[in-house]
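The values are calculated or read from the model by the stated rules, or taken from the named source; none is laboratory data. This one's a predicted model, so the numbers in the text were calculated from it and none came from an experiment. With ideal geometry, Cβ positions are generated from the backbone for all residues, glycine too; neighbour counts draw on all protein chains shown. The area values use the complete protein model at the heavy-atom level, side chains included, leaving out ligands, DNA and RNA. Shrake-Rupley method; radii C 1.70, N 1.55, O 1.52, S 1.80 Å.
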Amino acid sequence: MAKGIRRLNGFAPLQNLVKALDADRYLMESDRFRERTVALDLLDAFDLDSEATGGDAEPEHAALYRRARELQVELEEANFRLFESIRDAIRGGRGRKALLRWAAEASDETSERANPSAESYDYLDELVSGVFRFAAPDEPKIDLSSEMVAYQPTPSRYLFALIRRTKITAEDVFIDLGSGLGHVPLLVATCTKARAVGSELEPSYVECATQSARDLNLANATFLATDARDADLSGGTIFYLYTPFRGAILRAVLNRLRAEAKTRAIRVCTFGTCTPIVAAEPWLALDSAESGLISVFRSRK
């Protein structure tokens with residue numbers, strides 16, 4: 001009897017959800033991606049493969065769970081069609097318009113109010129992941145030292161805001177130090193005409209990022225398997241760090257960036273716990289006009 005009560009308690013909320021989704025005639029249209037993401041999250045909260053769909057389940061329950069699973073598939077297929085349309089646009093050189101139309105609300109201020117945790121993710125991350133088809137390798141080939149930080153992607157809303165604020169041009173060379181699977185360089189290469197370079201120690205990540213760029217014909221995105229302490233920084237005008245390392249490694253990289261700043265003006269963009277350390281560098285000044293959740297520093301003359 002207790003089992004039946006638990007099943008019934010889960011039945012009514014799912015029934016209401018399915019009714020609401022079925023009543024939304026336009027949910028599968030291309031521009032309803034955000035709503036579909038919410039709907040999929042709500043469906044995922046239910047155990048749609050539970051015994052409520054088995055042979056001994058009540059017919060009404062079994063039918064409801066079948067319809068919920070059907071909706072799940074329909075929502076995922078609608079998202080897949082959207083991802084493919086954006087991928088086609090990127091291949092045709094129309095990626096900036098195709099992606100940035102989804103980032104209209106990706107300002108730092110709006111996102112901060114909507115997401116109290118600065119490192120939380122939202123529907124834009126689902127979009128970016130679906131478009132670029134990130135697939136992390138099962139087994140990284142390099143063991144990280146104590147001063148190296150495990151890979152974690154920057155929330156996409158902050159990257160879109162960074163691209164909008166910094167007005168990256170075709171003359172810029174954007175270098176992401178610790179690029180992981182390539183989220184940042186791929187977005188920069190898609191949304192701007194700059195050359196985007198990812199420097200990443202883990203070769204399997206570099207292989208995945210390179211394949212993503214190749215699949216989308218992003219000739220202005222390059223990924224190199226190299227230690228940031230040895231990477232070629234000579235052409236860079238904008239450098240990005242999402243706390244990929246700390247301690248002596250971070251100090252060595254900052255010293256190298258300071259040497260580059262003696263030859264030309266550069267910008268250093270930071271996110272995460274490395275920001276106050278970078279802010280203390282006397283050769284850098286915070287650019288308040290370009291900073292948001294991602295801080296942007298300009299080298300002093």
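Once both labels are modelled 7 Å past Cα along the beta-carbon direction, what's the residue 273-residue 97 spacing in nm?
So the two model labels end up 4.4 nm from each other.
Just need log10 I(q)/I(0) for the chain at q = 0.11 Å⁻¹, Debye formula, equal scatterers on the alpha-carbon atoms, no solvent, rounded to two decimals.
Log10 I(q)/I(0), no solvent term: -0.73.
Can you give the extra length, in nm with one decimal, that the chain gains between residue 133 and residue 47 once fully stretched, where that is 0.36 nm per residue apart less the Cα-Cα distance?
Using 0.36 nm per residue and subtracting the Cα-Cα distance, I get 28.4 nm.
Could you give the length gained by full extension between residue 288 and residue 23, i.e. 0.36 nm per residue of separation minus their alpha carbon distance, to one decimal place?
Result for the pair: 90.7 nm of gain on full extension.
Would you please give the residues with an amide H less than 5 Å from that of residue 197, counting only those at least 5 places away or on a separate chain, with H modeled from the backbone geometry?
So residue 197 has HN proximity to 174, 175, 176, 222.
Non-local amide H neighbours of residue 245 (under 5 Å, H modeled in plane, Pro and chain starts lacking H): which ones?
Residues meeting the amide H criterion: 149.
What ³J(HN,Hα) values, in whole Hz, does the Karplus curve 6.51 cos²θ - 1.76 cosθ + 1.60 give for segment 225-235 when θ = phi - 60°, with x put for Gly and Pro?
Coupling constants for segment 225-235: 8, 7, 6, 4, 6, 10, 5, 6, 9, 5, x Hz.
Among 221, 163, 231, which residue has its Cα positioned farthest towards the positive end of the charge dipole of segment 163-272, with +1 placed on the Cβ of Lys and Arg, -1 on the Cβ of Asp and Glu, and the dipole taken about the Cα centre?
Toward the positive end, the furthest listed residue is 163.
Rank these by accessible area, largest first, 1.4 Å probe: 120, 129.
129, 120
Taking every pair of alpha-carbon atoms in segment 178-301, give the share separated by more than 24 Å as a whole percent. Kindly include the intermediate steps, with their values, before the conclusion.
Working: 1895 of 7626 pairs.
Here the tail beyond 24 Å accounts for 25 percent of pairs.
Which one, 297, 99, 128, is farthest towards the positive end of the dipole of the chain when Lys and Arg carry +1 and Asp and Glu -1 on their Cβ?
Going by the Cα projections, it comes out as 297.
Long-range amide H contacts for residue 284: which residues qualify at under 5 Å (H placed 1.01 Å from N, peptide plane, sequence gap of 5 or more or a different chain)?
Correct list: 300.
At a Förster radius of 45 Å, what calculated FRET efficiency corresponds to the Cβ-Cβ distance of residue 226 and residue 80, to the nearest 0.05? Show your work: numbers first, answer last.
Values: r = 35 Å, r/R0 = 0.77.
Efficiency at R0 = 45 Å is approximately 0.85.
Kindly provide the helix-only [θ] at 222 nm of the chain, computed as the sum of -39,500 (n - 2.57) over DSSP H runs of four or more divided by all residues, to the nearest 500 deg cm²/dmol?
Values: 11 runs with 143 residues, N = 301.
So the helix-based figure for the chain works out to -15000 deg cm²/dmol.
How much accessible area does residue 238 have with a 1.4 Å probe, in Å² rounded to the nearest 10?
0
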